[in-house]
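Asks: Supplied in structure tokens, the structure appears directly below.
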Amino acid sequence: VLIIVMSVMNGFRTELINKIVGFNAHITVKPYENKINIEDLTKTKINFIAKNLILSNSGEAIILNKKNSKGIILRGYSKKDFANLKMINNDTFIGNKKNLIKNNISIGKELSFSLNLKIGDKITIMSSSGIETLIGNLPKQKTFVISSLFESGLADFDNNIAFINLDTLDEFFNLDNNDRNLEIYL
């Protein structure tokens, strides 16, 4: 009985680690003083250990949908890099992998179930950063079209994270190109 329980737990541990690493990069490097330049890194020996070098960024936002609202984390990737993510290249992905353009969003299947959304629906997202007006600072709002649904295998990720275009994310959160993180997949 002990051997069977240990085998099941080891299998569960391996599966859980694979799902977490499949959703997040193995290494994330944040810029502090200088912008991270991928072209400079490809000239180094990092290509011997890295399968993918991807620029990304993220921010916290709120989805506003009819009667529902929900806090989420938006992750930004370029259209090309999004199609290369391990989690996107599986059989459970629904939609076009190369369609992460200006006002498109990819959400998790759990989030689509909880908010009753499907591909083609429009949702409004409110940014945590704002626009300075005469009456004070107002949060930015933008409408996105759901272009795809992903499933990571972990309900917490699928319910709380969405993907948008990196340039759109930078503009939406008032971020600079110099603030982009480097994700390294080994």
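Asks: Filter segment 11-46 down to residues that are farther than 30 Å from ILE107 by Cβ and at pLDDT below 70 and give me whichever is least open to solvent (accessible area, probe 1.4 Å).
Replies: Looking at the filtered set, the residue picked out is THR42.
Asks: Here is a further query. State all residues of segment 77-91 that are modelled with pLDDT of 80 or more and polar (S, T, N, Q); if no residue qualifies, say none.
Replies: If the condition is that a residue be modelled with pLDDT of 80 or more and polar (S, T, N, Q), then SER78 is the only one that fits.
Asks: Now for a separate question. Which of the residues that make up segment 52-68 are over 17 Å from ASN37 (Cα atoms) and in contact (Cβ under 8 Å) with a residue 12 or more places away in the chain?
Replies: Those that are over 17 Å from ASN37 (Cα atoms) and in contact (Cβ under 8 Å) with a residue 12 or more places away in the chain: SER58, GLY59, GLU60, ALA61, ILE62, ILE63, LEU64, ASN65, ASN68.
Asks: Same structure, new question: Looking for whichever is touching a helix residue (DSSP H, G or I) at 6+ places or on another chain (Cβ under 8 Å), more than 21 Å from LEU166 (Cβ to Cβ) and surrounded by 13 or more Cβ atoms within 10 Å (Cβ to Cβ) here; the options are LYS86, LYS97, LYS70. Which one fits?
Replies: None of the other options fit; the residue is LYS70.
Asks: Another question about this same structure. From ASN174, ASN178, which residue is in a loop (DSSP other than H, G, I, E, B) and open to solvent by 20 Å² or more (accessible area, probe 1.4 Å)?
Replies: ASN174
Asks: Determine if segment 100-114 includes at least one residue that is of a type in the set (A, V, I, L, M), in contact with a strand residue (DSSP E or B) (Cβ under 9 Å, 6 or more places away or on another chain), part of a loop (DSSP other than H, G, I, E, B) and modelled with pLDDT under 80.
Replies: Scanning segment 100-114 turns up no residue that is of a type in the set (A, V, I, L, M), in contact with a strand residue (DSSP E or B) (Cβ under 9 Å, 6 or more places away or on another chain), part of a loop (DSSP other than H, G, I, E, B) and modelled with pLDDT under 80.
Asks: Here is a follow-up. Kindly provide the set of residues from segment 148-171 that are in a helix (DSSP H, G or I) and of a type outside the set (S, T, N, Q), ordered by number.
Replies: Once the filter is applied, which keeps residues that are in a helix (DSSP H, G or I) and of a type outside the set (S, T, N, Q), segment 148-171 yields ALA155, ASP156, PHE157, ASP158, LEU166, ASP167, LEU169, ASP170, GLU171.
Asks: Evaluate segment 158-169: report whether one residue or more is surrounded by 20 or more Cβ atoms within 10 Å (Cβ to Cβ), of a type in the set (Gly, Ala, Ser) and either modelled with pLDDT under 85 or over 13 Å from the mean Cα position of the chain (by Cα) (or both).
Replies: Within segment 158-169, not a single residue is surrounded by 20 or more Cβ atoms within 10 Å (Cβ to Cβ), of a type in the set (Gly, Ala, Ser) and either modelled with pLDDT under 85 or over 13 Å from the mean Cα position of the chain (by Cα) (or both).
Asks: Checking the condition farther than 21 Å from VAL145 by Cα and at pLDDT 85 or above, which residue from LEU74, LEU55 passes?
Replies: Of LEU74, LEU55, the one residue that is farther than 21 Å from VAL145 by Cα and at pLDDT 85 or above is LEU55.
Asks: Residues to consider are ILE135, ILE46, ILE119, ILE146; find the one that is of a type outside the set (Asp, Glu) and within 15 Å of the chain's Cα centre (by Cα).
Replies: Selected residue: ILE146, the only one of ILE135, ILE46, ILE119, ILE146 that is of a type outside the set (Asp, Glu) and within 15 Å of the chain's Cα centre (by Cα).
Asks: Here's something else I'd like to know. So how many residues does segment 106-123 have that are open to solvent by less than 40 Å² (accessible area, probe 1.4 Å) and either in contact with a His (Cβ under 9 Å, 6 or more places away or on another chain) or under 18 Å from PHE172 (Cα atoms) (or both)?
Replies: Of the residues in segment 106-123, 3 are open to solvent by less than 40 Å² (accessible area, probe 1.4 Å) and either in contact with a His (Cβ under 9 Å, 6 or more places away or on another chain) or under 18 Å from PHE172 (Cα atoms) (or both).
Asks: Any residue in segment 48-59 that is open to solvent by 70 Å² or more (accessible area, probe 1.4 Å), closer than 28 Å to PHE113 by Cβ and of a type in the set (D, E, K, R)?
Replies: Scanning segment 48-59 turns up no residue that is open to solvent by 70 Å² or more (accessible area, probe 1.4 Å), closer than 28 Å to PHE113 by Cβ and of a type in the set (D, E, K, R).
Asks: Right, here's the next one. Go through the residues of segment 130-151 one by one and say whether even a single one is in contact with an Asp or Glu (Cβ under 9 Å, 6 or more places away or on another chain), under 19 Å from MET87 (Cβ atoms) and open to solvent by 40 Å² or more (accessible area, probe 1.4 Å).
Replies: Yes; the residues of segment 130-151 include at least one that is in contact with an Asp or Glu (Cβ under 9 Å, 6 or more places away or on another chain), under 19 Å from MET87 (Cβ atoms) and open to solvent by 40 Å² or more (accessible area, probe 1.4 Å).
Asks: Let me ask you something else. Exactly one condition in (1) over 13 Å from the mean Cα position of the chain (by Cα); (2) open to solvent by 20 Å² or more (accessible area, probe 1.4 Å); (3) aliphatic (A, V, I, L, M) is not met by ILE63; state its number.
Replies: Of everything listed in (1) over 13 Å from the mean Cα position of the chain (by Cα); (2) open to solvent by 20 Å² or more (accessible area, probe 1.4 Å); (3) aliphatic (A, V, I, L, M), ILE63 misses just condition (2).
The values are calculated or read from the model by the stated rules, or taken from the named source; none is laboratory data. What you see is a predicted model; the values in this text were computed from it and never measured. With ideal geometry, Cβ positions are generated from the backbone for all residues, glycine too; neighbour counts draw on all protein chains shown. SASA here: full protein model, heavy atoms, side chains in, ligands and nucleic acids out. Shrake-Rupley method; radii C 1.70, N 1.55, O 1.52, S 1.80 Å.
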